[in-house]
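Each value in this text was obtained by applying a stated rule to the coordinates, not by laboratory testing. Source: prediction; values computed, not measured.
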Amino acid sequence: MKTLILTRHDVEKILTPTVANQTVEKAFRAYSLGCTQMPPKSYLYFPKGDLRSMPAYISGEGFNIAGSNASLFIRKMQQVKCLVSWLSLF
């Protein structure tokens, strides 16, 4: 499987507000029909912060997609930095 990497500019050309709204509506409909899996965040704690992982899967309503976001929270700086975001389309 090839990896497609999209820049912010690529996404802005493809994702219009109308498409975004329609997609969010479909995702909430899939959620209401029980076609999603979204377990609680998992955490890894360490002295200066934590790492949070947030996986999810949506099927139904035209979706067959899994994704995750991992973010690093650094306590001293009170900052969240996104380390990884990915989606897999099936």
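For region 8-32 and region 50-69, what is the separation of their C-alpha centers, rounded to whole Å? So the separation of the two Cα centres works out to 15 Å.
Compared with the direct C-alpha span, the chain from Gln22 to Phe46 gains 4.7 nm at full extension, assuming 0.36 nm per residue.
Report the percentage of all Cα-Cα pairs in region 1-48 whose separation exceeds 15 Å, rounded to a whole percent. I get 70 percent for the Cα pairs in region 1-48 exceeding 15 Å.
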